[in-house]
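Have a look at the structure below before the remarks.
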Amino acid sequence: MLTMNRAVAISETNDEIEIVAPAESDFFIDPDTGKAKADAPFYYEKMTGDFTARTIVRPAFKKKYDAGGLFVYDSPTKWIKLEFEMTDLGHPSVVSVVTAASSDDANGEGLENVEEIRLQLARRGDLWALHYSLDGRKWKMVRYFRLKMKAAIRVGLEAQSPVGRGCSVAFRGYTMVAGTPADMRKGR
């Protein structure tokens, strides 16, 4: 896998990848001010065509917006984040950010007392489906939308700490397969 942006550390052991994000790192284009950040560590592979990416993510939350998850990068102004994040509401949530010139940021339901979550991101042409699961069997839709991206893009794992001093994120069971779920809304 390849790396974009500096991480404090990236390590791999067996089925786990750990990424430590530096202080004040993020991918975000503020829809109000237009201020852009694009310096969070991104560990990726190049992918062409339809695919499904999955991982189990466990961030060591310290500050609001500390997060880790799946990331798709097309260009400096077009990307998708699906993350397990400590929200500004005071609890962790699955958060999705779709960026096309500016970032459209959406918090999911509160997930208190949850330390790790399964995330799934699927592409079928210009259709995207984002899901999460607590048990790996029942997937809940986070977002289903259309966004035109290049055929060849970067896909992988991202860790961030936008207002903190850094965040360590453990990823287990990261997989990327060609093809998508039969039912994009249900995620299976």
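Quick notes on this one:
- The range 22-53: number of residues that are surrounded by fewer than 20 Cβ atoms within 10 Å (Cβ to Cβ) and over 20 Å from K150 (Cβ atoms): 10
- Residue count for the range 1-18 under the criterion of being open to solvent by 70 Å² or more (accessible area, probe 1.4 Å) and either of a type in the set (D, E) or within 18 Å of K37 (Cβ to Cβ) (or both): the result is 5.
- Filtering the range 130-142 to residues that are modelled with pLDDT of 95 or more and open to solvent by less than 40 Å² (accessible area, probe 1.4 Å) leaves L130, H131, Y132, S133, W139.
- Qualifying positions in the range 45-64 - in contact with a Gly (Cβ under 7 Å, 6 or more places away or on another chain), under 15 Å from V169 (Cα atoms) and either of a type in the set (S, T, Y) or not in a strand (DSSP E or B) (or both): T55, K62, K63
- Per-region count, the range 152-188, residues among the aliphatic types (A, V, I, L, M) and not in a strand (DSSP E or B): 3
- Of the residues making up the range 152-162, those that are within 23 Å of A36 (Cα to Cα) and open to solvent by 30 Å² or more (accessible area, probe 1.4 Å) number 1.
- Failed condition for L89, given (1) at pLDDT below 95; (2) of a type in the set (A, V, I, L, M); (3) surrounded by 14 or more Cβ atoms within 10 Å (Cβ to Cβ): (3)
- When residues of the range 107-129 are limited to those that are in a strand (DSSP E or B) and free of Cβ contacts under 8 Å to residues at least 60 places away in the same chain, the one most open to solvent (accessible area, probe 1.4 Å): E109
- Cβ pairs under 9 Å, 6+ apart, first in the range 57-86 and within 15 Å of F28 (Cβ to Cβ), second modelled with pLDDT under 95 and small (G, A, S): K64/G90
- Applying the set (1) within 27 Å of R6 (Cβ to Cβ); (2) of a type in the set (A, V, I, L, M, F, W, C); (3) open to solvent by less than 20 Å² (accessible area, probe 1.4 Å); (4) part of a strand (DSSP E or B) to M149 leaves exactly one unmet item: (4).
The values are calculated or read from the model by the stated rules, or taken from the named source; none is laboratory data. Bear in mind the structure is a predicted one, so any value in this text is a computation, not a measurement. Positions of Cβ are generated from backbone atoms using ideal geometry, with glycine treated the same way; all protein chains shown enter the neighbour counts. The accessibility values were calculated without ligands, DNA or RNA, using every heavy atom of the protein model including side chains. Shrake-Rupley method; radii C 1.70, N 1.55, O 1.52, S 1.80 Å.
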